1. State which entries of 169/494; 31/366; 49/366; 49/494 exceed 27 angstrom in Cα-Cα distance in the structure shown.
2. Students often check this: by mean Cβ neighbours within 10 Å, which of 464-473, 102-111, 332-341 ranks highest, and how do the rest follow?
3. Across the Cα atoms of region 423-512, what radius of gyration and what greatest pairwise Cα-Cα distance (Dmax) are found, in Å?
4. With +1 assigned to the C-beta of every Lys and Arg and -1 to the C-beta of every Asp and Glu, and no other charges, what is the dipole magnitude of the chain about the Cα centre in debye, to the nearest 20?
5. Show me the ranking of peptides 560-573, 145-158 by mean Cβ neighbours inside 10 Å, starting with the highest.
6. Treating cross-link reach as a plain straight distance, find the aspartates and glutamates whose alpha-carbon is under 14 Å from the alpha-carbon of residue 625, omitting any fewer than eight places away in the same chain.
7. Averaging over all projection directions, find the projected area of the Cα convex hull of region 77-159 and quote it in nm² with one decimal place.
8. Relative contact order of region 210-348, please, whole-number percent, based on alpha carbon pairs below 8 angstrom and at least 6 residues apart.
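The values are calculated or read from the model by the stated rules, or taken from the named source; none is laboratory data. Just so it is clear, the model here is predicted, and its values are computed rather than measured. Every residue, glycine as well, gets a Cβ built from its backbone with ideal geometry; the counts of neighbours run over all protein chains shown. Surface accessibility is based on the protein's heavy atoms, side chains included, excluding ligands, DNA and RNA. Shrake-Rupley method; radii C 1.70, N 1.55, O 1.52, S 1.80 Å.
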Amino acid sequence: MELHEYPRPANDTGIGVHWTVGFASAIGIGKIRDFWIPELKAMGVKWVKIFNHDGAIDFAELLLAEGIMPIVRLYRPSPNPSTLDIREIVHLEAMIRAGVRYFEFNSEPDRDGEWKGGRVPANGIDLVVENTIINMELILERGGMPGVPAVSNGSRWDLVGQIVARGRKDLFNGPVWQAIHNYARNRPPDYPYDIGNQEGAAYTQRFYQTIAAESWGEDAWRGRTLQEVNRLRLERCNPGATIMDDNACWLAYEYFDARNRRHLGRSIPILSTECGYIVGEDVDPRYPATTPDLHLAQTLECARVMMGSSTRFQPAPDYYFCTAFWLLGNAVLGSASAWCEHHAWYSERWPGGALPIVRALKAEPKVVRRWQGSIPVGARATLHGAVLHAGDRRTLVLEKGGVEVARTQLDANSRYVIPDLLPGNYTLRVEGTAIAQPINLLPGQEEATVNLNLAESQSYASGSTLGGRVRGGAGAVVMLLRTSDGEEWVTMAKDDGAFRFVDLPPGSYNVRVQGNFGAHSGAHVDGIVLDGRNRREVELTLAGWGYTVRTEEAPPGQGGYIRCAVDGYLNLPVRAHSGDWSSEPARTGSAPEVGEFACVIGPVEPGAYVVTVDGLVDAEGRMVKLEAYV
């Protein structure tokens, strides 16, 4: 990783905050300039995560002018499955012109709430990776720096590994970074290496009483006696545990970097876009719930790690650029989201209007971060061997605790190598077969050889394909349901309405067009029987108005044209728009040589366009909005 490729703020401390969950400038730029910018500077904040791009350009420009680096999320509610459309691209280009470089376009896609329909489908990670590749390309082409989406705290989804497995390792040659949400829960900053987790060390009576005596309206021990807490610490300790065993903690950046180095052979920048401690959190009963004073002490220590001024822990490695402590403000910054008011650092619910960490950070001496080289994580072993009689079964999957940790392809001689593995118990599988070999890598072990033989294996039949076309369905979400167990697959129809599901196991399936927010908005076909080998084609229709796009080569020297037809309608005005430009209207039916209801706009320059049709009314006399993206 060459740090000069990635812009950083001057006099960087590495300390950042997540601004709010509402609109960035809801309280007005004047108040932000007069009050909030001085507050950020007093705390040493050098990075600010902006939750929603809409209306945030003035705020981003103000941050940049004050030497603070914005990280902007191109926000879309329930963004999966989808890619950035022309509206987000217009905002993206404006932000880049303003000087913004770091962009997010998705967040925690492994959670149900981030999906249209409210459920992660069986092929969710595949669809996310497909759309992530497209979005990264869109941002890179325009001079922005895309972040690999953050997954939820403790998740094992490996988006970087999946992107590489799809043959797109080249994307990481550009200025790509990885977003993470390393919430600490109520665990100490050095978890899982703290003495409580490693050895089950007991708390003292003095520590227990000090925590219990803090007046904050709740019981930090949740009724647990000192004896109960210490029993839990002893029974649930994990001697020898590493970050690769449990990454639901502050040090999760080490976990993600270890995987990145395995896939890429090097580190890439990691930026927190949500992280830190939340008052009242009580996930792990071996530790007290996070009180305001514990929130202060632990957050302050994390800030010192970022600056390199901690006397307890090593400085943050170079690849870990910044925090985005959750959450600077909620109601005070104009957000109406009541559910996270108790998360906010600045809030009327705290004495003096702010948590103690605010005063502590203001008083803390600010140290410009020293860049010194990444810190390795743990000793590594290499697994290698051969697969006899492999045939067309060329993919090996290594799992730990039922979770995939590595994937590799056999070479021409049916051999494989999986480097950079920590000690532990693994299972090596040949994808598409029943072959599974347990493997135990011991501490200090440098290599292990495991050979497999597929001569007697029985392969699974999971090769059926279901495809078709959605009439009027460009970008429509298509959902496939296996009726025996309710398992779902999701894909998106392409511009011409075509869609396809592949590698489907035997079973009976229903397929339907899915609307926004779970509403059915089109045809469905039920009772499709697949045997694991066959192919089926179906035709679907999007209810109401939709569109499809077909691309044709223009004759030499004639430039590009947009041909538009609205089936069954003549003399409707059609326009194309790009930025501030709009074409003269063309009337449907004015180009009979193209089609009965067609018209032609052009010539036009290469680029992205919104095509609109006016003059249609529904059965109740209301205007119908028709637009397509080309």
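1. Working: 169/494 24 Å; 31/366 25 Å; 49/366 20 Å; 49/494 33 Å.
Table pairs above 27 Å Cα-Cα are 49/494.
2. Working: 464-473: 20.2, 102-111: 23.4, 332-341: 15.3.
Highest mean packing first, the order is 102-111, 464-473, 332-341.
3. 19.9, 60
4. On the way: 62 positive and 76 negative charges, 197 e Å.
Approximately 940 debye in magnitude.
5. Values: 560-573: 15.4, 145-158: 21.7.
My ranking of the peptides, most packed first, is 145-158, 560-573.
6. Partners within reach: 614.
7. Details: hull surface 21.7 nm².
Across all orientations, region 77-159 yields a mean hull projection of 5.4 nm².
8. Working: 147 pairs, mean separation 30.8, N = 139.
Computed value for region 210-348: 22 percent relative contact order.
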